[in-house]
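Trainee: To start, I am sharing the structure in question, which I have written as structure tokens.
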Amino acid sequence: MPQKLVFWDWTGTLVDEFRLDEAVCRSMEEEVARRDGIPFEEAERRFKEHLKALENTWQWHDYVLHGKALGVDWKRHQEKYLRELVLLPHAREILEYSREKGYKNVLVTNAVRPVILLRIGYLALTNLFDAIITSDDVQAMKSNGEHFRYGLKTLDGDPSSSFSIGDNPIQDIEPAKRLGIRTIYCDFRRVMMHYHTEHISANHYELVKVDYTITNLLEIKNII
């Protein structure tokens, strides 16, 4: 029997990761500067160049790859600053509500699996997701649509009975609509900042047609 799915975006929808990502990147750069005996600015430049070469690819989000490129332990730097990860208001409540209404919660993210599992585990949300689909699972960004296609196929999802919920029109709304999935745009009126590059943030200003727009996660209760 086809399943009702809710595809949840992570960053900017359920959590605020800006301070965490900023701290992790700076910490990695500081280690490189100490290790190689170079000014911090030089270490920062190296990391920026590494990221610049990966712009508009799913690997831009891959901290495991970044750790290898810089020769540092990515996980140690993540764990050191997990306290900076902020769960947005009512996120846990609305995930529980979705389950109560008979939906399967599917996390779709441009992050890679080792990193997102670490962060979800820290917030004790692991048991609220029936599936997690990451960029390294499908070798693509969410804008490609592969996260959603993979979820519909593997979970026997019914597009017309499913939802995609997120704050980025290009990553969360447009690719889901192409597959017949209903969409909920999270207009939280916050500017999502990204350390080192702004290649993603511009997506948040794109105009696409959505089925519903909310300004608070609790409003989802009136939709699903």
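Trainee: Using per-residue counts of other Cβ atoms within 10 Å, averaged over each peptide, order 153-162, 168-177 from highest down. Before the final figure, lay out the partial values.
Mentor: Values: 153-162: 16.0, 168-177: 23.8.
My ranking of the peptides, most packed first, is 168-177, 153-162.
Trainee: What is the calculated FRET efficiency for residue 27 to residue 144, with r their C-beta to C-beta distance and R₀ = 45 Å, to the nearest 0.05?
Mentor: 0.90
Trainee: Of the listed pairs 68/142; 48/177; 75/101, which have alpha-carbon separations greater than 29 Å here?
Mentor: Working: 68/142 24 Å; 48/177 34 Å; 75/101 36 Å.
Violating the 29 Å limit, Cα to Cα: 48/177; 75/101.
Trainee: Just from its helices, what would the mean residue ellipticity at 222 nm be for the chain, if runs of 4 or more DSSP H residues each count -39500 (n - 2.57) and the sum is divided by every residue, rounded to the nearest 500 deg cm²/dmol?
Mentor: Values: 9 runs with 85 residues, N = 224.
It lands at -11000 deg cm²/dmol.
Trainee: Amide H neighbours of residue 86 under 5 Å, at least 5 residues apart or on other chains, H built in the peptide plane: list them.
Mentor: 16
Trainee: Something else now. For residue 1 and residue 154 in the same chain, what is the full-extension length gain: residue separation times 0.36 nm, less their Cα-Cα distance, in nm?
Mentor: Numbers: separation 153, 0.36 × 153 = 55.08 nm, distance 1.28 nm.
Contour length minus the Cα-Cα distance gives 53.8 nm.
Trainee: Along the Cα→Cβ direction, 7 angstrom out, place labels at residue 179 and residue 219. What is the inter-label distance in nm?
Mentor: Taking the simple label geometry, residue 179 and residue 219 are separated by 2.5 nm.
Trainee: Taking H as built 1.01 Å from N, whose amide H comes closer than 5 Å to the amide H of residue 162, not counting residues under 5 places away?
Mentor: The answer is 5, 182.
Trainee: If you don't mind, there's one more thing I want to ask. Short version: ³J(HN,Hα) in whole Hz for each residue of the range 52-65, in order, from phi by Karplus 6.51 cos²θ - 1.76 cosθ + 1.60 (θ = phi - 60°), x for Gly and Pro, what are they?
Mentor: Per-residue couplings from phi come out as 4, 5, 9, 4, 6, 10, 5, 5, 4, 8, 8, 5, 5, 5 Hz.
Trainee: Can you tell me how much longer the chain between residue 87 and residue 122 gets when fully stretched, taken as 0.36 nm per residue apart minus their C-alpha distance, in nm with one decimal?
Mentor: Details: separation 35, 0.36 × 35 = 12.60 nm, distance 1.06 nm.
Roughly 11.5 nm would be gained on extension.
Trainee: Here is a further query. For a Förster distance of 45 Å, can you work out the FRET efficiency between the beta-carbons of residue 36 and residue 188, rounded to the nearest 0.05? Display every interim value, and only then the final one.
Mentor: Numbers: r = 40 Å, r/R0 = 0.89.
Computed FRET efficiency for residue 36 and residue 188 comes out at 0.65.
Each reported figure results from applying straightforward, stated rules to the coordinates on display, with no laboratory input. Predicted, not measured: the structure shown is a model, and the values here were computed from it. As a convention, Cβ positions derive from the backbone with ideal geometry for all residues, glycine included, and neighbour counts pool all protein chains shown.
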